């Protein structure tokens with residue numbers, strides 16, 4: 001009887017709603033109307049993820065496509081907003097190539113003023129991914145929890161002139177119904193709607 005009660009508890013726990021979060025932070029002192037053209041850089045893998053992966057072998061590594069997948073989702077939602085001209089990645093890469101620059105060098109430099117002058121952009125959108133994948137976990141013996149998508153990443157919009165973060169949002173969530181891309185799309189859309197409502 002105890003085994004059946006435990007099994008029922010585990011199954012019910014798997015059906016509970018999972019909280020998904022989109023936290024938005026806006027620099028209200030900044031003149032947001034000055035930002036017109038932006039580029040979304042390929043996201044970086046968070047150093048926190050590497051630490052967790054080393055200490056927890058049950059956690060899957062972030063898939064190689066995650067960096068571009070997440071930045072593409074963010075670029076799409078920012079384009080739909082209509083506030084910014086979002087430079088596409090092909091044009092961005094071609095612009096870098098003309099100046100003999102590499103994207104990874106730009107990402108690690110941390111100072112975007114030269115990039116702004118070179119490509120005529122007002123801000124860059126950069127991000128760090130802590131979690132992005134689908135996995136399952138063994139609960140008791142051979143009993144396995146259903147496949148779960150887990151995502152967590154931070155997005156920052158940085159003014160190229162001052163190097164200030166003018167807005168940011170954190171996305172954190174998990175789902176047994178959506179894959180990681182669908183879940184990320186929903187939460188990024190929610191965050192951008194908040195930005196749209198708050199930035200006039």
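The values are calculated or read from the model by the stated rules, or taken from the named source; none is laboratory data. Bear in mind that the values here come from a model prediction, so they are computed numbers and not experimental data. No Cβ is skipped: glycine too gets one built from the backbone with ideal geometry, and neighbour counts run over all protein chains shown.
Scanning segment 159-168 turns up no residue that is buried (at least 17 other Cβ atoms within 10 Å of the Cβ) and closer than 12 Å to residue 20 by Cα. Restricted to segment 41-59, and to residues there that are assigned to a helix (DSSP H, G or I) and in contact with a strand residue (DSSP E or B) (Cβ under 7 Å, 6 or more places away or on another chain), the residue that is modelled with the highest pLDDT is 48. Looking only at residues of segment 177-200 that are in contact with a helix residue (DSSP H, G or I) (Cβ under 9 Å, 6 or more places away or on another chain) and outside any helix (DSSP H, G or I), we find that the one that is modelled with the lowest pLDDT is 200. Within the set 62, 18, 73, 38, the sole residue that is assigned to a loop (DSSP other than H, G, I, E, B), within 20 Å of the chain's Cα centre (by Cα) and modelled with pLDDT of 80 or more turns out to be 62.
For segment 80-92, a residue qualifies if it is surrounded by fewer than 16 Cβ atoms within 10 Å (Cβ to Cβ) and assigned to a helix (DSSP H, G or I), and the qualifying residues are 80, 81, 90, 91.
Do you know which of the residues in segment 100-119 that are at pLDDT 80 or above and surrounded by 14 or more Cβ atoms within 10 Å (Cβ to Cβ) is farthest from the chain's Cα centre (by Cα)? By that ranking, first place goes to 118.
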